[in-house]
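To start, the structure under review is shown below, and the notes come after it.
The values are calculated or read from the model by the stated rules, or taken from the named source; none is laboratory data. Please read these numbers as outputs of a predicted model, since none were measured by experiment. Cβ: placed from backbone, ideal geometry, glycine included. Neighbour counts: every protein chain shown.
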Amino acid sequence: MNEGAPVRTQGPAGSSGTIMERSSPGRRASAFAPLDVPELPVPAEHARQAAPALPEVAEIDLVRHYTMLSQRNYGVDTGPYPLGSCTMKYNPKVAETVAAFPGFQRAHPLQPDHTMQGTLEMLWRLEQALCEITGMARATLQPPAGACGEMTGLLIMRAFHSDERDTRSSGPSRTTVLIPDAAHGTNPASVRLAGFEAVSVPSDGRGLVDVEALRGLVDERVAGLMLTNPNTLGLFEERIEEITGLLHEAGGLVYYDGANLNAIMGKTRPGDMGFDIVHINTHKTFATPHGGGGPGAGPVGVAERLIDYLPSPIVARDDDGALRWDRDRPRSIGRLHGFNGNIAVLVRAYAYVFGHGGDGLTEVSELAALNANYLAARLRSAFPLAYPDAPPMHEFVATAGRSKRQTGIRAMDIAKRVIDLGYHPSTVYFPLVVDEAMMIEPTETESKQTLDNMAEAFLQAAEEARTDPSLLREAPVTTPVRRLDEAKAARRLKLRWGDVEPPD
Ligand SMILES: Cc1ncc(COP(=O)(O)O)c(C=O)c1O
């Protein structure tokens with residue numbers, strides 16, 4: 001094979017375009033046998049006025065179109081995906097096999113509990129395992145994503161304080177939630193959605209929470225603090241017990257954003273650090289491809305005193321050992337998702353957790369940190385760590401600031417160039433507190449050989465920034481689409497064929 005040359009997707013030229021553009025009147029992807037019973041008209045009240053605008057294509061066109069699209073995609077099954085904060089790790093195929101078991105896949109959410117004992121047992125054991133991993137008392141498996149887990153946790157926080165207030169005779173309402181300035185954007189968004197005001201806590205010179213500044217912000221109006229640990233710079237909060245203690249002394253709760261749980265499994269637990277509420281992104285830490293908005297699962301674990309507020313229903317075990325959905329929970333915050341959550345995602349998490357076992361999960365975290373530190377060391381000469389005074393854990397934030405100053409080539413240009421070199425880029429420009437941030441999370445599943453090859457691509461891009469900057473400004477040139485207007489792509493979605501440009 002021609003090393004380094006871009007590999008073209010197979011297929012004839014002109015096979016691009018949307019499925020609607022392949023449409024031709026009268027073509028069909030399926031053929032039914034002729035009717036052998038009398039044809040009855042659809043009752044007028046159920047008949048459509050106009051046929052839906054569906055593509056009319058033959059089966060072969062349909063298969064080729066979607067296969068061609070899939071080949072244009074970059075995914076963890078085709079190469080490493082070092083997108084920091086997202087934990088795009090390889091998902092073992094055994095989890096897919098287990099999720100496809102007919103007993104799980106064909107179950108109906110309205111089936112009576114006594115016919116669902118296998119699924120309920122799986123959910124019960126998964127909940128117990130997640131509580132063991134996080135140090136929590138009980139958990140809901142209902143939220144479909146990390147962000148929804150955040151919302152769930154904050155509503156629990158609100159319900160708890162509202163009950164507390166009912167038993168207090170005086171004192172202001174708790175209306176604010178503290179969030180470090182490096183936090184993921186979903187944190188402040190969830191805080192607002194849950195009816196609180198978000199207050200930013202500054203980071204110190206080492207990239208950790210500025211504990212003295214935090215002390216000044218904690219008062220009787222604070223409902224709680226949301227914290228990611230290791231934080232979004234990949235650094236472990238060394239004064240974590242002091243931080244959680246500060247909040248508790250003031251009557252607040254402490255929320256653990258578990259997006260980075262994959263760094264600490266088997267080493268320490270949010271519950272042991274003093275957290276009251278934890279969400280887990282099963283689609284990051286355990287098995288399930290993460291991306292495209294889901295489906296995922298964001299189970300939320302809570303300390304003993306918050307169990308009553310968990311969403312309803314939760315699984316309960318009766319004295320005879322039978323399992324059932326417990327819906328009789330008067331203090332619950334209610335439902336966060338239809339039926340019982342994304343069960344197929346939870347089956348994958350179950351397969352991953354029990355497939356690895358306790359020692360295996362500990363090893364996962366050790367390897368995640370080892371890989372990140374190895375790659376950080378390989379890239380240091382071109383892209384130094386933004387906060388070099390604390391060791392990174394499972395991911396690290398480097399900066400392309402020097403490249404920008406010396407050559408005008410920015411983190412975004414580097415990211416686009418590594419696409420042409422065959423790799424998915426890192427996250428760029430997050431966290432916002434870092435100039436020209438490149439947030440890199442190799443994950444534990446990549447081999448040393450893959451890490452070395454990936455490092456070479458990033459270092460080559462850094463070298464080209466000096467020798468041939470126009471190459472980087474024009475990149476990517478090997479992809480079906482060139483540089484997109486990222487703000488427009490995110491804000492002005494055109495999701496349907498024929499969508500018109502929305503007005504400004
Ligand atoms: C630190 C952090 N918190 C929260 C989230 C939100 O999780 P989800 O994408 O599952 O909604 C993410 C997602 O990447 C994250 O990195």
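Structural remarks
- Unique match (being over 26 Å from the mean Cα position of the chain (by Cα), under 29 Å from Leu208 (Cα atoms) and not in a loop (DSSP other than H, G, I, E, B)) among Ala398, Ala462, Ala455: Ala462
- Boolean, Val278 is away from the ligand (no atom under 16 Å from the Cβ) and in contact with a Phe, Trp or Tyr (Cβ under 9 Å, 6 or more places away or on another chain): no
- Per the conditions (1) surrounded by 11 or more Cβ atoms within 10 Å (Cβ to Cβ); (2) within 30 Å of Asn187 (Cα to Cα), the sole criterion not satisfied by Arg402 is (2).
- Among the residues of segment 431-453, those that are of a type in the set (S, T, N, Q) and either surrounded by fewer than 23 Cβ atoms within 10 Å (Cβ to Cβ) or touching a Phe, Trp or Tyr at 6+ places or on another chain (Cβ under 7 Å) (or both) comprise Thr445, Ser447, Gln449, Thr450, Asn453.
- Test: residue in segment 161-174 that is in contact with a strand residue (DSSP E or B) (Cβ under 6 Å, 6 or more places away or on another chain), within 16 Å of Val278 (Cα to Cα) and surrounded by 14 or more Cβ atoms within 10 Å (Cβ to Cβ): no
- Single residue of Ala369, Ala376 found to be touching a His at 6+ places or on another chain (Cβ under 7 Å) and either buried (at least 18 other Cβ atoms within 10 Å of the Cβ) or more than 30 Å from Pro109 (Cα to Cα) (or both): Ala369
- Filter result (modelled with pLDDT under 95, more than 14 Å from the ligand (Cβ to nearest atom) and not charged (D, E, K, R)) within segment 165-202: Thr167, Ser169, Ser170, Gly171, Pro172, Ser173
- Residue satisfying all of: in segment 310-344; of a type in the set (Asp, Glu) and surrounded by fewer than 12 Cβ atoms within 10 Å (Cβ to Cβ); farthest from Met151 (Cα to Cα) among these: Asp320
- Selected residue (criterion: surrounded by the fewest Cβ atoms within 10 Å (Cβ to Cβ)) from residues of segment 281-292 that are in contact (Cβ under 8 Å) with a residue 24 or more places away in the chain and within 11 Å of the ligand (Cβ to nearest atom): Gly291
- Qualifying residue in segment 415-434 (condition: among the acidic types (Asp, Glu), free of Cβ contacts under 8 Å to residues at least 12 places away in the same chain and assigned to a helix (DSSP H, G or I)): no
- Taken together, the residues in segment 222-232 that are at pLDDT 95 or above and within 11 Å of the ligand (Cβ to nearest atom) amount to 6.
- Members of segment 103-119 that are surrounded by fewer than 20 Cβ atoms within 10 Å (Cβ to Cβ) and under 20 Å from Phe354 (Cα atoms): Gly103, Phe104, Gln105, Gln117, Gly118
- Filtered residues of segment 184-225 (kept if in contact (Cβ under 8 Å) with a residue 40 or more places away in the chain, in contact with a Pro (Cβ under 8 Å, 6 or more places away or on another chain) and either part of a loop (DSSP other than H, G, I, E, B) or under 15 Å from Ala147 (Cβ atoms) (or both)): Glu220, Arg221
- Condition met for Thr443 (more than 26 Å from Gly207 (Cα to Cα) and either free of Cβ contacts under 8 Å to residues at least 24 places away in the same chain or of a type outside the set (D, E, K, R) (or both)): no
- Meets criteria (at pLDDT 95 or above, out of contact with any strand residue (DSSP E or B) (no Cβ under 9 Å at 6 or more places or on another chain), among the polar types (S, T, N, Q) and away from the ligand (no atom under 16 Å from the Cβ)) for Thr244: no
- Check on Arg269, under 30 Å from Arg215 (Cβ atoms), more than 10 Å from the ligand (Cβ to nearest atom) and in contact (Cβ under 8 Å) with a residue 12 or more places away in the chain: yes
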